[in-house]
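*Asks:* Here it is: the structure, laid out below.
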Amino acid sequence: MRTLTTCFCAGLCLLLCTSFQPAGKWVNLLDKDLSQWNKYLSFKHTDGDGGKIPKDANGKDIKAIGYNKDTAHVFSVKMENGQPMLHISGEIYGCVFTKQDFSNYRLMLKVRWGKNKFIPRLHEYKDSGVLYNSQGPSGVDYWHSWMLGQEFQVGEGTMGDYWPIASAHMDIRSTKRRDTTTYIFDPKGEKHDYGGYCQAIADYETKGEGAWTQLELIVFGDKALQIVNGHVAMALSNSRYKDGDVVKPLTHGKIQLQCESAEVDYKDIKIQQITAMPSQYAAYFK
């Protein structure tokens, strides 16, 4: 009886965490109080540290700032034209992440770049990301800043690229770029197992100072679509991760928005529960 009760409670918890509204209804995830999100901050990385944990004067690892301790106001909500907008300063590596766990959904949001960049990416393109199917504690990646999960890359000229976080993997149809070691998403290419980077099929970002880019993420079961300004930049399947030597499915989780040394704004963040992958995208998964 104890085992049955435990199983029932675990199942009920998962249901409550992943069921958020009737299918088809759009739900806003952003308000002026950031009430549906938590925060995590790791470190203000130094130039050339390669993501290593910074040391104190005695050579010991500095502790991460941690959860919901944003005294530097890295994350804030500003009102623009009467609507809330999430402002991320970029100064300290970390993220905001949803309090709720999601599966089988469409996520819509808009993003634009600010002017500021910070060490250790002061001389690189501006960078952020939408991380999905995020599970477990923060700080498990090599930058010690994020949860296990899949990344919809948000970057200047790299919108829609794929990065795995920690031990995450995806299958992606792709072709190797000529004279490089980089693979690019190709709906007609061979399917490859990715525990590393894959480039989007094209650059669909809106250009110009202060310009907003529309992002859409569709997640259903073990499949995902990363869409930029209405264009499919990446189709992915067989979402999973490695727990030691054991491969496990990675089909639900929290949503993270990264702070990664660049000033960035997000707005119009909304989510819709779905009961199937939209039919117009079925061909990507044949």
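*Asks:* Gly129's amide H: which non-local residues (gap 5+, or another chain) put their own amide H closer than 5 Å, with H modeled 1.01 Å from N in plane and none for Pro or chain starts?
*Replies:* Here Val154, Gln258 satisfy the definition.
*Asks:* Separation between the Asn58 and Ala202 pseudo-spin-labels, each 7 Å from Cα along Cα→Cβ, expressed in nm?
*Replies:* Simple spin-label model gives 5.8 nm for this pair.
*Asks:* Placing +1 at every Lys and Arg Cβ and -1 at every Asp and Glu Cβ, with all other atoms neutral, what dipole size does segment 19-99 have around its Cα centre, in debye to the nearest 20?
*Replies:* 220
*Asks:* Taking θ = phi - 60°, what integer Hz values does the Karplus form 6.51 cos²θ - 1.76 cosθ + 1.60 yield along segment 191-203, in sequence order, with x for Gly and Pro?
*Replies:* Going residue by residue, I get 7, 10, 7, 10, x, x, 6, 9, 7, 5, 5, 7, 9 Hz, with x marking Gly and Pro.
*Asks:* OK, next. Need one number: nm distance between label points at Ala276 and Gln214, each 7 Å from Cα along Cα→Cβ, rounded to one decimal.
*Replies:* Result: 2.4 nm between the two label points.
*Asks:* What is the sum of charges around Leu41, taking Lys and Arg as +1, Asp and Glu as -1, for the other residues whose C-beta is under 15 Å from the C-beta of Leu41?
*Replies:* Computed value for this residue: 0.
*Asks:* Compute the relative contact order of segment 70-144 as a whole-number percentage, counting only Cα pairs closer than 8 Å that sit 6 or more residues apart in sequence.
*Replies:* Computed value for segment 70-144: 20 percent relative contact order.
*Asks:* GluC sites (Glu not before Pro), restricted to segment 201-286: which are DSSP loop and have at most 13 other Cβ atoms within 10 Å?
*Replies:* Glu209
*Asks:* What is the magnitude of the charge dipole of the chain about its Cα centre, with +1 placed on the Cβ of each Lys and Arg, -1 on the Cβ of each Asp and Glu, and no other charges, expressed in debye to the nearest 20?
*Replies:* 500
*Asks:* Taking a ≥ b ≥ c as the square roots of the eigenvalues of the Cα gyration tensor of segment 131-215, is the shape rounded (a/c under 1.5), prolate (a/b larger than b/c) or oblate?
*Replies:* Because a/c hits 1.5 or more and a/b fails to exceed b/c, segment 131-215 counts as oblate.
*Asks:* Another question about this same structure. Could you order peptides 50-60, 268-278 by the average number of other Cβ atoms within 10 Å of their residues, highest first?
*Replies:* 268-278, 50-60
*Asks:* If you don't mind, there's one more thing I want to ask. How much length, in nm to one decimal, is gained on full extension between Lys286 and Val247, taken as 0.36 nm per residue of separation minus their Cα-Cα distance?
*Replies:* 11.7 nm
*Asks:* Using the Karplus curve 6.51 cos²θ - 1.76 cosθ + 1.60 with θ = phi - 60°, work out ³J(HN,Hα) for each residue of segment 148-158 in order, rounded to whole Hz, and write x for Gly and Pro.
*Replies:* 3, x, 10, 10, 8, 5, 10, x, 4, x, 10
*Asks:* Next question. Can you work out ³J(HN,Hα) from phi for every residue in segment 98-103, in order, using Karplus 6.51 cos²θ - 1.76 cosθ + 1.60 and θ = phi - 60°, giving whole Hz and x for Gly and Pro?
*Replies:* 5, 5, 9, 9, 10, 8
*Asks:* Given H placed 1.01 Å from N in the peptide plane, which residues other than close sequence neighbours of Tyr194 have an amide H under 5 Å from its amide H?
*Replies:* Residues meeting the criterion, in which the H sits 1.01 Å from N, are Met170, Asp171, Ile172.
*Asks:* Given a 1.4 angstrom probe, I'd like the percentage of the accessible area of segment 131-286 that is carbon and sulfur, rounded to a whole number.
*Replies:* Carbon and sulfur together cover 48 percent of it.
*Asks:* Now for a separate question. Could you give the nm distance between label points at His192 and Lys176, where each point is 7 Å from its Cα heading toward the beta carbon?
*Replies:* Modelled inter-label distance: 0.8 nm.
*Asks:* Continuing with this model, one more query. Hey, can you grab everything whose amide H is under 5 Å from the amide H of Asn116? Only 5+ residues off in sequence or another chain; H modelled, so Pro and N-termini drop out.
*Replies:* When sequence neighbours closer than 5 places are left aside, the close amide H contacts are Glu263.
The values are calculated or read from the model by the stated rules, or taken from the named source; none is laboratory data. Note that the structure is a prediction, hence the values are computed from the model and not measured. Neighbour counts are summed over all protein chains in view; Cβ atoms, including those assigned to glycine, are modelled from backbone coordinates with ideal geometry. In case anyone asks, the SASA skips ligands and DNA or RNA and just uses the protein heavy atoms, side chains included. Shrake-Rupley method; radii C 1.70, N 1.55, O 1.52, S 1.80 Å.
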